[in-house]
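Okay, structure first, notes after.
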Amino acid sequence: MKRSETYLCDLGEPTGPEQGFYRPAVIISVDPFHRSGLAVILPITSTRRPVPTSIEVTGAGLDHTSYIQVDQIRTVSQKRLARQLGRVDEVTMLQTERALMRLLGLG
């Protein structure tokens, strides 16, 4: 498991506006963190939202254009990662990182 890889992820039963159930997600945590048995992920949806925390992604093992939900950051057990789908390209990861920094007030 590596940063920028996409997985089908079991997010469980959602509460309120959380994303839930089985859906694609991209791993954003750095590789050494994965030794803990956890991964920090961002869910991916097929619903386009006109907000700066929604990053368009194509390819990456997905069947159609989708959107990384930067505002839905989660730390999950690696056991929730059902199977690898692909990998997000460098440009999309950079856009995702920038949106995450804005969201968290880090830059």
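The values are calculated or read from the model by the stated rules, or taken from the named source; none is laboratory data. As the structure is a computational prediction, the values presented were derived from the model and not from experiment. Counting neighbours? That spans all protein chains shown, and the Cβs are built from the backbone with ideal geometry, glycine included. Remember, those area values only see protein heavy atoms, side chains included, never the ligands or the DNA or RNA. Shrake-Rupley method; radii C 1.70, N 1.55, O 1.52, S 1.80 Å.
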For the residue 1, residue 58 Cβ pair and Förster radius 30 Å, calculated FRET efficiency rounded to 0.05 is 0.85
Note to self: with every protein chain in place and a 1.4 Å probe, the chain gives an accessible area per residue in Å² of 57
Relative contact order of the chain (C-alpha contacts under 8 Å, at least 6 apart) in percent is 29
Carbon plus sulfur, as percent of the 1.4 Å-probe accessible area of the chain, comes to 52
Here the residues of region 23-52 lying in the modelled label zone of residue 106, meaning backbone nitrogen under 17 Å from a point 7 Å along Cα-to-Cβ, are 26-34, 39-43
Ordered by number, the trypsin sites (Lys or Arg not before Pro) in region 3-72 that occupy a DSSP loop and have at most 15 other Cβ atoms within 10 Å are 48
